[in-house]
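I have placed the structure first, in the form of structure tokens, so that the comments after it can refer back to it.
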Amino acid sequence: MNKREFLKSASLAVMGIPFINTSFASSLEKLNHLSPYQLATEEDFWMQVRKDYSLKPDYINLESGYYNIIPNPTLNHMIDHARMVNYEGSYYMRTVQWEKKNKMASKLAAIVGTKPKNLIITRNTTESLDMVIKGMDWEQGDEAVYAQQDYGAMQVMFEQIAKRYGTVNRILSVPNHPSSDEEIVRLYENAITSKTKLLMVCHMINITGQILPIKKICQMAHDKGVQVMVDGAHCVGHFQFNIDDLGCDYYGSSLHKWLAVPLGTGMLYVNDKHIDSLWPIFAEHHREPGDISRLNHTGTHPVYHDLSIENAIDYYKMLGAERKEARLRYLQEYWTTKVRNYPNIIVNTPKEGYRACGIANVGIKNLKPHDLAKKLMDRYQIFTVAIDYANVQGCRISPNVFTTTDELDIFIKALKELSVS
């Protein structure tokens, strides 16, 4: 090989390696000997992570649950992708659009623990799960089971299906502080009848952050011949799990939440046995049996957001899945342990470590959630979201990897002051 060929092959090899210009890379090299749980408490390191974000200085952002602000390395890649797509125009859209999207789906499948043939990229959890609810062959008298604490968009779709086909919705309520996994499983089991067709369950309840025993619920439901659809909107990129290990029939998530992909990116997993029977939202041309792409006709959309999935995954892997999960759980427990037994403060999230991660919910006795959220913002410049339904009265608190313990100290002080005012 001559010098010119060597340099060419070397440059091509480098192009195949994702380049992530992060603020924390050098710090991580020095601290790589620490366990994820030890690193979770190293504030200097997380301050380096914080430098990857452009944060508005007007308030402390404790509402990462709706949309995770994406780190600048991912944002810069997205802008580059947008420029590239705009540069190539219809050529890109007509030649490699789907090849690239399939590549992103394969990388995503590896992160969530399933096979590419069972996963498609959607725009959000609502699109993913509503496709399942609306796409099943419902008959009059069929029943669906879900909880009051489930996300409203899916509840509304179940209500629409009931009006359209004469189905019945059986709605239960998940306790904020269950005594055991078995208590949760029994709640769902007791709601199932011989007519139950689909059970929907949250992997992580969005309003409290409670993690439910999905595998046990799936095993119980399947023993009764009932399909299970899992709402994992807040799970991908938040804590580690493998979809294949859960044993569910369908799994939907929003990638613009904890995986920190640009807005308008989600995913849907469908078990092999349901791929051909589910009706897509938009009609698709003929596909071979078992081809999940029949469910993925979305029309023209901002493909550069899809391309950014790879960059978000690269950033996530460089930070480390275990490290991120440990840090998010540490932040949640940092503030909840300091107020959980404080007079007039009510934490609506289980204290057991395995039942929650980064999200928790807190209320103050005799103070309406919207009033609490307003006081936190007006008096302390802390941004949250109020929750006042389904046996949950409080504010959802969802810190991120850029959140500091100093910011949480301000939040803790605010809660204690408001609890006695």
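Please state the relative contact order of the chain as a whole percent: Cα pairs under 8 Å, 6+ residues apart? Show your work: numbers first, answer last.
Values: 756 pairs, mean separation 89.9, N = 421.
Relative contact order, the chain: 21 percent.
Counting only aspartates and glutamates at least 8 places from K273 when in the same chain, those with an alpha carbon closer than 15 Å to its own are D137, D244, D249, E288, D291. For the stretch 20-125, chymotrypsin sites (Phe, Trp or Tyr not before Pro) are listed when DSSP marks them as loop and at most 12 other Cβ atoms sit within 10 Å of their Cβ; the list is Y66. Short-range pairs are left out: with C-alpha atoms under 8 Å and at least six residues apart, the relative contact order of the stretch 101-217 is 24 percent.
Would you order R396, R329, R94 from fewest to most other beta-carbon atoms within 10 Å of each residue's own beta-carbon?
Working: R396 26, R329 20, R94 10.
Final ranking by Cβ density, sparse to dense: R94, R329, R396.
Restricting the chymotrypsin sites (Phe, Trp or Tyr not before Pro) of the stretch 248-283 to loop positions (DSSP other than H, G, I, E, B) with no more than 12 neighbouring Cβ atoms within 10 Å leaves F282.
Each residue, Y91 and N344, gets one label point 7 Å from its Cα in the Cβ direction; the gap between the two is 6.7 nm. The fewest-to-most ranking of M104, M157, M136 by surrounding Cβ atoms within 10 Å reads M157, M136, M104.
Given the rule -39500 (n - 2.57) for each run of at least 4 DSSP H residues, summed and divided by the residues of the chain, what is its mean residue ellipticity at 222 nm, to the nearest 500 deg cm²/dmol? Let's see the in-between values first.
On the way: 16 runs with 185 residues, N = 421.
After summing the helix terms and dividing by residue count, I get -13500 deg cm²/dmol.
In plain terms, the chain from D388 to D272 could stretch by 37.9 nm, reckoned as 0.36 nm per residue minus the Cα-Cα distance. Ordering N76, Q227, I281 by Cα displacement along the dipole of the chain toward the positive end leaves N76 in first place; charges were set at the Cβ atoms of Lys, Arg (+1) and Asp, Glu (-1).
Going by how many other Cβ atoms sit within 10 Å of their own, how do L278, L34 line up, fewest first? Mind showing how you got there, number by number?
Numbers: L278 19, L34 15.
Arranged by neighbour count, lowest to highest, L278, L34 become L34, L278.
Under the classification rounded if a/c is under 1.5, otherwise prolate if a/b is larger than b/c and oblate if not, where does the chain fall, given a ≥ b ≥ c as square roots of the Cα gyration tensor eigenvalues? Oblate, since a/c reaches 1.5 and b/c is not below a/b. Roughly how many whole Å is it from the C-alpha centroid of the stretch 267-316 to that of the stretch 43-107? Spelled out, the Cα-based centre of one part sits 20 Å from the other. For the set K56/K115; K117/K324; K101/K317; K224/K257; K56/K338; K134/K224, the pairs lying more than 31 angstrom apart at their alpha carbons are K56/K115; K224/K257.
Just so you know, all these numbers are worked out from the coordinates, no wet-lab data involved. Predicted model, so just to flag it, every value in this text is computed and none were measured. We place every Cβ from the backbone using ideal geometry, glycine too, and count neighbours over all the protein chains shown.
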